[in-house]
Amino acid sequence: MIKEWFRNSRMGFTSGQAGIMRRMLREEGGWQSHLENSSEYIREAVKIYKPKTVRILGSGWLLDVPVKFLEENCDKIVLTDIIHPNQILNRYSGNKKIIFETIDITGNLVELGYHQRKNSYSHQEFIQSIKNSPNLEFDEELVVSLNLTSQLSVFLTDYLSKQVKISNNQAIEIAEAIQLKHFEMLPIGKSVLITDFEEEYWDEDDKFIGSKPTVFAAIPEGNNRKEWIWHFDLKMMYKPDCKTKLRVVAVRL
């Protein structure tokens, strides 16, 4: 546990999770429509699938999780993340329906990346390790990947950029491989995928400046596809001199 804590802290997972809450509060309600859209999509899926057990991948602060609704309609809710905020652990630790699982959702690729060294790093070997890594298996009747896909590789590639000096193109290759593995591990017929897939940049006068993808692997077509805009950063703190909006897609697989 101490080794994992140190790794997560050094790689930025701990500070990154705290940063999510700070940004949400700073946006003064700007995230609300996105969070409600995510929660409503999950509620709709539960009404259709009627699962007794649900797993949330990337549960975090539960900002986008309809916890009360899940408690009322399911027997077991498995909250899955690499770190669980202490506030969330304290709030739900006595809830018999809620189980916390602390795992690397990439399937141990964080640990693999953490031990890479500049004088021995082989990019092709690392990519092959991602492709060959076993898929995590989930037994729950509904699995929800929640605003997670674009973030699966971010802390890892940021770390590798500093430690072994990978290039931007190599970081994209790693992101694509990890995202593809994530899509492959979502069980067909009982999964929900919600993810941002593109950043849009707007100036102070709300004129479109440009965009870039946040997901590089092909997003599964799925069913009941819905899209919306997440007003991620209108205070111009994420990127200097521009507002950042995220395009989000939700599908049932």
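Could you work out the relative contact order of region 2-196? I mean the mean sequence separation of Cα pairs under 8 Å and 6+ apart, divided by the number of residues, in percent.
23 percent
Please list, in chain and number order, the residues 5+ apart from ILE105 or on another chain whose amide H is under 5 Å from its amide H, with Hs placed from the backbone.
Sorted by chain and number, the residues that satisfy this are ILE82.
Between PHE216, PHE232, PHE138, where does the largest GNM mean-square fluctuation fall for the chain, given springs only between Cα atoms within less than 10 Å?
Top of the fluctuation ranking is PHE138.
Which of the aspartates and glutamates could a cross-linker bridge to LYS3, judged by Cα under 13 Å and excluding same-chain residues fewer than eight apart?
Candidates past the 8-residue exclusion: GLU111.
For a footprinting-style exposure proxy, rank MET236, MET185 by other Cβ within 10 Å, fewest first.
Fewest-to-most Cβ neighbours within 10 Å comes out as MET236, MET185.
Could you identify which residue out of LYS207, LYS76, LYS190 has the top mean-square fluctuation in a GNM of the chain using Cα springs shorter than 10 Å?
Among LYS207, LYS76, LYS190, the largest mean-square fluctuation in the Gaussian network model of the chain belongs to LYS207.
About the Cα centre of the chain, what is the dipole size in debye to 20, counting +1 per Lys and Arg Cβ and -1 per Asp and Glu Cβ, all else neutral?
Using only the charged Cβ atoms, the result is roughly 560 debye.
Per-residue HN-Hα couplings for region 19-29, Karplus 6.51 cos²θ - 1.76 cosθ + 1.60 at θ = phi - 60°, whole Hz, x for Gly and Pro?
x, 4, 5, 4, 5, 4, 5, 5, 6, 6, x
Along region 160-170, what does the Karplus equation 6.51 cos²θ - 1.76 cosθ + 1.60 (θ = phi - 60°) give for ³J(HN,Hα), rounded to whole Hz, x for Gly and Pro?
5, 4, 7, 7, 10, 6, 5, 7, 4, 5, 5
Sorting ASP196, ASP104 on the 10 Å Cβ count, fewest up front, what's the list?
Exposure proxy ranking, most exposed first: ASP104, ASP196.
What is the fewest-to-most order of GLU227, GLU4 by other Cβ atoms lying within 10 Å of their Cβ?
Least to most surrounded, the residues fall as GLU227, GLU4.
Could you work out [θ]222 nm for the chain from helices alone, using -39500 (n - 2.57) per DSSP H run of at least four and dividing by all its residues? Round to the nearest 500 deg cm²/dmol.
Calculated mean residue ellipticity at 222 nm is -12000 deg cm²/dmol.
Any chance you could get the radius of gyration and Dmax over the Cα atoms of the chain, in Å?
18.1, 54
Most mobile of ARG225, ARG23, ARG91 per a Gaussian network model of the chain (Cα springs, under 10 Å)?
ARG91
Would you mind checking which residues have amide H under 5 Å from LEU136's amide H? H placed 1.01 Å from N; only 5 or more apart, or other chain.
Hits under the 5 Å cutoff: none.
Would you kindly derive the ³J(HN,Hα) couplings of region 106-121 from the backbone phi angles with the Karplus curve 6.51 cos²θ - 1.76 cosθ + 1.60 (θ = phi - 60°), listing them in order in whole Hz, with x for Gly and Pro?
Karplus-based 3J(HN,Hα) across region 106-121 equals 7, x, 6, 6, 4, 5, 4, x, 4, 9, 6, 10, 4, 6, 10, 6 Hz.
The numbers here are math on the coordinates, done by the rules we state, and not lab data. Predicted model only: the values in this text are computed from it and were never measured. FYI the Cβ positions are ideal-geometry reconstructions off the backbone, even for glycines, and counts take in every protein chain you see.
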